[in-house]
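Engineer: Dropping a structure here in C-alpha cells format, bear with me for questions.
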Amino acid sequence: MSKAFTPVAFIVLALFALAPAVVAWAPFEQTMGLVQKIFYYHVPSAMLMFISAFVCGIASAVYLFKRSAAADRLALAAGELVVLFGLIVMVTGPLWGRKAWGVWWQWDAKLTSALLLWMIFIAYLMVRRFGGPGSEKLGGAMAVFGMANVPFVYVSSMYWRTLHPAPTVVPTLQPGMRGAFYFCVTAFVGLYVLLLTVRRRIGEHEAEVERLHLALED
Amino acid sequence: MNDFLRVAWIVMRKDLTVEMRSREILYTTVFFAVSCVLVFAFALVREGQPMEDAAAGILWIAIAFSGTLALGRTFERERHTETLRALMLAPSDRPAIYVGKLLGMLALMAVVEIVLVPLVGLLFHAPFQASPFWLVVLILAGTLGFASVGTIFAAMLVRARSRDVLLPVLLYPITIPVIIAGVRGTTALLQSTPDEPMARFWAALLVFFDVVFVTLSLWTFEPLMTE
C-alpha cells in the first residue's frame with residue numbers, strides 16, 4: 001500500500017470528526033430548517049455513487065478487452081462502493097423527502113435513476129458472488145450495460161414530474177452553506193478513495209493467496 | 001458483410017427449424033403469456049370493468065415475462081446438446097452468431113405478441129386498432145431492445161451457475177427504460193384521441209435504446225464468449 005495511505009486516512013478521519021460541527025454551524029435554510037442538513041451527507045454520497053458506477057463500468061470494459069486482472073479488481077471494489085454509497089443515498093433521501101415533500105418516495109427522474117442504478121449494481125454483486133466460474137466476465141458486461149443504461153433511465157423517467165431540487169442549487173448556496181457542503185464533499189471523496197484502495201488491496205491479497213494455493217497443490 | 005449476413009441467416013434458420021420441429025418453446029411461451037394476462041385479468045378486473053390504463057402495462061409485462069422464459073429456454077437447448085461450443089468454433093464472425101440468435105428470438109417473440117395484443121385488447125377493452133402503425137413501431141422497437149440485451153445475457157449465462165435466477169435479475173433492471181417507454185407510448189395511443197406525438201417520442205427513445213444496446217452487444221459479444 002502506498003505511503004500516502006496512513007496520512008490520508010488520518011486526514012479523512014479528522015474531516016469526518018469535524019463534519020458534524022461544520023454542518024451544525026452552517027446557516028439554517030429558511031423554509032426547511034433542520035432537515036436541510038441531510039443535504040450535506042446525501043449529495044456527496046449520491047455524487048460518489050454515480051462516479052463509482054462510471055469507474056466500475058470503465059474498469060469492466062478495460063477488463064473485458066484487455067483481460068487485465070487489476071482492472072477487474074478495481075471494478076469489483078468500485079461496484080461494492082456503488083452499493084454502499086447508494087445505501088446512504090436511499091436512507092437519507094426518504095428521510096428528507098418525508099419532511100420536504102410529505103412523502104417517503106416519489107417517482108421522480110433522479111430518484112428513479114438512482115434506484116435503478118443501485119439495483120443494477122446489486123445485481124452486479126450477485127452475479128459476481130453466485131455466478132460461479134466466469135462470473136467476472138458476466139459482471140463486467142453487466143457493469144458496462146448498466147453504465148450505458150443511466151441516460152436512458154434518466155430520460156425515460158423525466159417525463160414523470162420532477163420534484164427533486166436541480167443540481168444547479170449548489171452554486172446558488174449561501175457562502176456559509178457552500179463552505180460546509182464542499183467540506184463534506186472533500187470528506188466523502190477522501191473516504192471513497194480510501195475504501196477503494198483498501199478493497200483493491202484485499203482483492204490483490206486474495207489473488208495472491210489463490211496463486212500460492214495453486215502453486216502448493218502442483 | 002455479405003458473409004456476416006449469411007451466417008446470421010443460417011443461425012436463425014437453424015434455430016427456427018429446430019423450434020418448428022418440436023414447437024416446445026413456442027407452445028410453452030404462448031401458454032405462459034396467456035396465463036400471465038389471465039392472472040392480471042383476475043387481479044385487476046372488478047365487476048366487469050378493467051382498471052383504467054392497465055392494458056398497456058399488462059401487455060408489456062406479459063411481453064417481458066414471456067420473453068425471459070423464451071430466452072432462458074433457447075440457450076438451455078444449446079447447453080443441453082453441447083452445441084454452443086460447436087457454434088462458437090464455426091469459422092465465422094462471432095457477432096454474426098449473436099445477430100442470428102437475436103433474429104430467431106425476435107421471430108419467436110413476434111408470434112407471442114400476435115397472440116397477446118388482441119387478447120389484452122379483448123380482456124381489458126383497449127382500442128389497440130386505433131393507430132396500428134405506431135403500435136407496431138413501439139412493439140417492434142421495444143421487443144428489439146428487450147431481446148438485444150436478453151440474448152447477450154442469456155448467451156453469457158449458459159455457463160454460469162444458477163442461470164435461471166440470474167437472467168431476470170440481470171435483465172429487468174437494464175430493460176426498465178424499454179418497459180417505461182413501451183408502457184407510456186402504448187398508453188398514449190389508447191387515449192380516447194390517440195396522442196401520436198407522445199407515442200412518437202417514446203418510439204424514438206426506444207429506437208435510440210436499440211441502436212446503443214445492439215452496438216454494445218455486437219462490440220462485447222466476442223470478448224464475452226471467449227473462454
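The values are calculated or read from the model by the stated rules, or taken from the named source; none is laboratory data. What you see is a predicted model; the values in this text were computed from it and never measured. Here the Cβ positions follow ideal geometry from the backbone for every residue, glycine too, while neighbour counts run over all protein chains shown. Just so you know, the surface numbers come from the protein's heavy atoms only, side chains and all, with ligands and any DNA or RNA stripped out. Shrake-Rupley method; radii C 1.70, N 1.55, O 1.52, S 1.80 Å.
Engineer: Kindly indicate which of A:L212, A:L195 is hydrophobic (A, V, I, L, M, F, W, C), under 24 Å from A:H42 (Cβ atoms), open to solvent by 20 Å² or more (accessible area, probe 1.4 Å) and modelled with pLDDT of 90 or more.
Structural biologist: Numbers: A:L212 fails: under 24 Å from A:H42 (Cβ atoms).
Only one candidate passes the filter, namely A:L195.
Engineer: Among the residues of the range A:17-40, is any acidic (D, E), closer than 25 Å to A:Y182 by Cβ and more than 18 Å from the chain's Cα centre (by Cα)? Full working, then the answer.
Structural biologist: Here is the first cut: in the range A:17-40, the ones acidic (D, E) are A:29.
Remaining after also requiring closer than 25 Å to A:Y182 by Cβ: A:29.
Now restrict to residues that are more than 18 Å from the chain's Cα centre (by Cα): A:29.
Yes, the range A:17-40 has at least one match.
Engineer: Conditions first: (1) in contact (Cβ under 8 Å) with a residue 60 or more places away in the chain; (2) open to solvent by 10 Å² or more (accessible area, probe 1.4 Å); (3) within 7 Å of chain A (Cβ to nearest Cβ). B:S162 passes all but one, so which condition is the exception?
Structural biologist: The one condition B:S162 does not meet is (1).
Engineer: Inspect all residues belonging to the range A:86-96 and state whether any of them is in contact (Cβ under 8 Å) with a residue 24 or more places away in the chain, open to solvent by less than 10 Å² (accessible area, probe 1.4 Å) and within 14 Å of another protein chain (Cβ to nearest Cβ).
Structural biologist: The answer is yes; a qualifying residue exists.
Engineer: Further, regarding this structure: Scan the range B:114-151 residue by residue and report those that are over 20 Å from B:V178 (Cα atoms) and surrounded by 24 or more Cβ atoms within 10 Å (Cβ to Cβ).
Structural biologist: Once the filter is applied, which keeps residues that are over 20 Å from B:V178 (Cα atoms) and surrounded by 24 or more Cβ atoms within 10 Å (Cβ to Cβ), the range B:114-151 yields only B:F124.
Engineer: Considering only residues that are among the hydrophobic types (A, V, I, L, M, F, W, C) and not in a helix (DSSP H, G or I), which ones fall in the range B:1-58?
Structural biologist: At the first step, the residues of the range B:1-58 found to be among the hydrophobic types (A, V, I, L, M, F, W, C) are B:1, B:4-5, B:7-12, B:16, B:18, B:20, B:25-26, B:30-34, B:36-45, B:51, B:54-56, B:58.
The answer is B:M1, B:V45, B:M51.
Engineer: Using the structure shown, decide if B:P177 is assigned to a helix (DSSP H, G or I), of a type outside the set (V, I, T), open to solvent by 20 Å² or more (accessible area, probe 1.4 Å) and within 22 Å of A:L117 (Cβ to Cβ). Full working, then the answer.
Structural biologist: Details: assigned to a helix (DSSP H, G or I): yes; of a type outside the set (V, I, T): yes; open to solvent by 20 Å² or more (accessible area, probe 1.4 Å): no; within 22 Å of A:L117 (Cβ to Cβ): yes.
Here the answer is no, as B:P177 does not meet what is asked.
Engineer: Quick one: in the range A:109-132, of everything that is facing another protein chain (nearest Cβ under 7 Å) and open to solvent by 40 Å² or more (accessible area, probe 1.4 Å), which residue is modelled with the lowest pLDDT?
Structural biologist: As a first pass, look at the range A:109-132 and keep what is facing another protein chain (nearest Cβ under 7 Å): A:116, A:119-120, A:123, A:126-127, A:130-132.
Then drop every residue that is not open to solvent by 40 Å² or more (accessible area, probe 1.4 Å), which leaves A:119, A:126, A:130.
Working: A:M119: 93, A:M126: 91, A:F130: 87.
Filtering the range A:109-132 for residues that are facing another protein chain (nearest Cβ under 7 Å) and open to solvent by 40 Å² or more (accessible area, probe 1.4 Å), the one modelled with the lowest pLDDT comes out as A:F130.
Engineer: Can I ask one more? Please verify whether the range B:95-113 includes one or more residues that are in contact (Cβ under 8 Å) with a residue 12 or more places away in the chain, surrounded by fewer than 16 Cβ atoms within 10 Å (Cβ to Cβ) and within 21 Å of B:V183 (Cα to Cα).
Structural biologist: Checking the range B:95-113: at least one residue is in contact (Cβ under 8 Å) with a residue 12 or more places away in the chain, surrounded by fewer than 16 Cβ atoms within 10 Å (Cβ to Cβ) and within 21 Å of B:V183 (Cα to Cα).
Engineer: Evaluate the following for B:V211: is it open to solvent by 10 Å² or more (accessible area, probe 1.4 Å), more than 9 Å from chain A (Cβ to nearest Cβ), in a helix (DSSP H, G or I) and of a type in the set (A, V, I, L, M, F, W, C)? Step through it out loud before you land on a result.
Structural biologist: Working: open to solvent by 10 Å² or more (accessible area, probe 1.4 Å): yes; more than 9 Å from chain A (Cβ to nearest Cβ): yes; in a helix (DSSP H, G or I): yes; of a type in the set (A, V, I, L, M, F, W, C): yes.
Taking the combined requirement at face value, the residue satisfies it.
Engineer: Name, by its number, the condition in (1) within 22 Å of A:R201 (Cβ to Cβ); (2) open to solvent by 40 Å² or more (accessible area, probe 1.4 Å); (3) within 16 Å of the chain's Cα centre (by Cα) that does not hold for A:C56.
Structural biologist: Unmet condition: (2).
Engineer: In the range A:15-52, what count of residues is obtained for those that are of a type in the set (A, V, I, L, M, F, W, C) and open to solvent by less than 50 Å² (accessible area, probe 1.4 Å)?
Structural biologist: Here is the first cut: in the range A:15-52, the ones of a type in the set (A, V, I, L, M, F, W, C) are A:15-19, A:21-26, A:28, A:32, A:34-35, A:38-39, A:43, A:46-51.
Filter again for open to solvent by less than 50 Å² (accessible area, probe 1.4 Å), leaving A:15, A:19, A:21-23, A:26, A:35, A:38-39, A:43, A:46, A:48-49.
Final tally of qualifying residues: 13.
Engineer: Okay, next question. If we keep just the residues of the range B:182-208 that are touching a residue at least 60 places away in the same chain (Cβ under 8 Å) and not in a helix (DSSP H, G or I), which is farthest from the chain's Cα centre (by Cα)?
Structural biologist: It comes out as B:P194.
Engineer: Can you find a residue that is within 14 Å of chain A (Cβ to nearest Cβ), of a type in the set (A, V, I, L, M) and in contact with a Ser or Thr (Cβ under 7 Å, 6 or more places away or on another chain) anywhere in the range B:109-119? Full working, then the answer.
Structural biologist: Step one: list which residues in the range B:109-119 are within 14 Å of chain A (Cβ to nearest Cβ), which gives none.
Scanning the range B:109-119 turns up no residue that is within 14 Å of chain A (Cβ to nearest Cβ), of a type in the set (A, V, I, L, M) and in contact with a Ser or Thr (Cβ under 7 Å, 6 or more places away or on another chain).
Engineer: Taking the condition farther than 30 Å from B:A155 by Cβ, aromatic (F, W, Y) and assigned to a helix (DSSP H, G or I), does A:W118 pass?
Structural biologist: On the way: farther than 30 Å from B:A155 by Cβ: no; aromatic (F, W, Y): yes; assigned to a helix (DSSP H, G or I): yes.
Against the criterion (farther than 30 Å from B:A155 by Cβ, aromatic (F, W, Y) and assigned to a helix (DSSP H, G or I)), A:W118 does not qualify.
Engineer: Just one of (1) crowded, with 17+ Cβ neighbours inside 10 Å; (2) in contact with a Phe, Trp or Tyr (Cβ under 9 Å, 6 or more places away or on another chain); (3) under 30 Å from A:G131 (Cβ atoms); (4) facing chain A (nearest Cβ under 10 Å) trips up B:L167, so point out which.
Structural biologist: If we test B:L167 against (1) crowded, with 17+ Cβ neighbours inside 10 Å; (2) in contact with a Phe, Trp or Tyr (Cβ under 9 Å, 6 or more places away or on another chain); (3) under 30 Å from A:G131 (Cβ atoms); (4) facing chain A (nearest Cβ under 10 Å), just (4) comes out false.
Engineer: Take B:I152 and tell me if it is assigned to a helix (DSSP H, G or I), within 9 Å of chain A (Cβ to nearest Cβ) and not polar (S, T, N, Q). First the steps, then the outcome.
Structural biologist: Working: assigned to a helix (DSSP H, G or I): yes; within 9 Å of chain A (Cβ to nearest Cβ): yes; not polar (S, T, N, Q): yes.
Here the answer is yes, as B:I152 does meet what is asked.
Engineer: Further question: Anything in the range B:180-206 that is buried (at least 17 other Cβ atoms within 10 Å of the Cβ), more than 9 Å from every other protein chain (Cβ to nearest Cβ) and over 14 Å from B:S131 (Cα atoms)? List them, or say none.
Structural biologist: Within the range B:180-206, B:G182, B:V183, B:L206 qualify.
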